[in-house]
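Working notes, structure below.
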Amino acid sequence: MIDTYKLKLSLLTLLGTSTFSLAQTLQSPPMLTPNPRTAEGQLPERFTIGLTVINLQDLKVKEGDRISQGQVISDRTIERDRLNSERKDILNSIANIEQMPKPILKSVMPPKELPAADFDFEEVEVGAAEMKLTQARRNYNEALTIDPFITARANVNFAKAGIEQAYRDVELQQKKLEAINGIPGLPPEMLVHETEKLKVKRTEWEKKQAEYDHRMAEYKQTEQARKQEINELQAKVSEARTQLEKAQAKLRAVKEERRQLEYQHEITLAEHQDRANQMAIALSQQNLQRQSKLTELKEKLVEIEEKKNRLAVVRSPYTGTIKRVKTEGQSDNTIRITLTLIPREVKP
């Protein structure tokens, strides 16, 4: 940049009266030799400087001002102050973000594990109920194989045979009495004797009948007891079956309850994992936003520095007097100004 400036200055010196303009990327003034001369070694009579400013306050001289070589003619102070203020704000924002503690992932306690499934009590109840049912069925089947009527039936049959025999004896004695009753000349004592024998036979028949009735009563009592025993054994089988069904239903219920509990636990675990994932995603987004904001601010900072570097400071190439300041026009928010400088000799 300095070499380009010297080249421009040399050309303008050869021409005598020229227009001077600095590139906007020049930040600091070049090193100038005091009052550069023309080719003949004389100072130009006048020197014209063309400037482009945004605000008239950027112009640091006015007509009639005596200036020295290297003195600032134009400087975009307002824009530089604005950029410095913006740079300060950005630096403060960066410092605030960097000083803030980074978001960290908070650990969330997972739900407690379910205790091991335990159906021992219910399974023991089912096993006991099965044993009771098996025993009740065995007792019932064994009872069916036993005939408790053997003795009672024999007693009845024996008593019945006794009745029949006693009845035949009565009939025979009755026939005998009838037969001898018609025999003429039969001693009365024989008739009385045979009549008494008929009475004895009848009494014996009545005894046999009573014994038969007794045996039949015993038989009926045995039959009733048998029926009651079978009914009771059947009732025990039914009760044992009912108890087994209840125990099995209870076992199924606790297993279903356990299955529901495990299902709910799986849902809870999935929800916990989902929350953990959401928290991790949120943390990642926060860190990404933080980093993105820092990157954005640092890019703005670089942009501001570049803008500051493009704010050129125009300095006078000669010591002399500002003869004229003329505004040439305005376009695109910029003002074109022409300065006329009357150089003068610098006394040694």
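Quick look at the values:
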| read-out | value |
| --- | --- |
| Inter-residue pairs, beta-carbon under 7 Å, first in contact (Cβ under 8 Å) with a residue 60 or more places away in the chain and in segment 85-113, second open to solvent by 100 Å² or more (accessible area, probe 1.4 Å), 6+ apart | 108/275 |
| Verdict on residue 283 being over 26 Å from the mean Cα position of the chain (by Cα), in contact (Cβ under 8 Å) with a residue 60 or more places away in the chain and not in a loop (DSSP other than H, G, I, E, B) | no |
| Some residue of segment 311-318 being of a type in the set (Gly, Ala, Ser), without any contact (Cβ under 8 Å) to a residue 40 or more places away in the chain and open to solvent by less than 90 Å² (accessible area, probe 1.4 Å) | no |
| Residue list for segment 335-348, filter: open to solvent by 40 Å² or more (accessible area, probe 1.4 Å) and either not in a strand (DSSP E or B) or not aliphatic (A, V, I, L, M) (or both) | 336, 344, 345, 346, 347, 348 |
| Hits in segment 130-163 (condition: closer than 30 Å to residue 244 by Cα, open to solvent by 50 Å² or more (accessible area, probe 1.4 Å) and among the aliphatic types (A, V, I, L, M)) | 131, 144, 146 |
| Residue check, residue 166 modelled with pLDDT of 85 or more, exposed (fewer than 13 other Cβ atoms within 10 Å of the Cβ), closer than 17 Å to residue 210 by Cα and small (Gly, Ala, Ser) | no |
| Odd one out for residue 175 among (1) open to solvent by 100 Å² or more (accessible area, probe 1.4 Å); (2) in contact with a helix residue (DSSP H, G or I) (Cβ under 6 Å, 6 or more places away or on another chain); (3) over 22 Å from residue 229 (Cα atoms) | (2) |
| All positions within segment 66-110 that are at pLDDT below 85, of a type in the set (Lys, Arg) and either surrounded by fewer than 14 Cβ atoms within 10 Å (Cβ to Cβ) or over 20 Å from residue 303 (Cα atoms) (or both) | 102, 106 |
| Selection within segment 180-211 - β-branched (Val, Ile, Thr) and more than 28 Å from residue 163 (Cβ to Cβ) | 183 |
| Residue 58, sole failed condition from (1) without any contact (Cβ under 8 Å) to a residue 60 or more places away in the chain; (2) out of contact with any strand residue (DSSP E or B) (no Cβ under 7 Å at 6 or more places or on another chain) | (2) |
| Residues of segment 268-294 that turn out to be open to solvent by less than 60 Å² (accessible area, probe 1.4 Å) and farther than 17 Å from residue 109 by Cβ, as a count | 5 |
| Qualifying residues in segment 217-236 (those that are open to solvent by 80 Å² or more (accessible area, probe 1.4 Å) and charged (D, E, K, R)) - the one farthest from residue 141 (Cα to Cα) | 220 |
| Failed condition for residue 324, given (1) out of contact with any strand residue (DSSP E or B) (no Cβ under 6 Å at 6 or more places or on another chain); (2) in contact (Cβ under 8 Å) with a residue 12 or more places away in the chain; (3) open to solvent by 90 Å² or more (accessible area, probe 1.4 Å); (4) outside any helix (DSSP H, G or I) | (1) |
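The values are calculated or read from the model by the stated rules, or taken from the named source; none is laboratory data. All values reported here derive from a predicted model rather than from experimental measurement. Neighbour counts run over all protein chains shown; Cβ positions are idealised from the backbone, glycine included. SASA here: full protein model, heavy atoms, side chains in, ligands and nucleic acids out. Shrake-Rupley method; radii C 1.70, N 1.55, O 1.52, S 1.80 Å.
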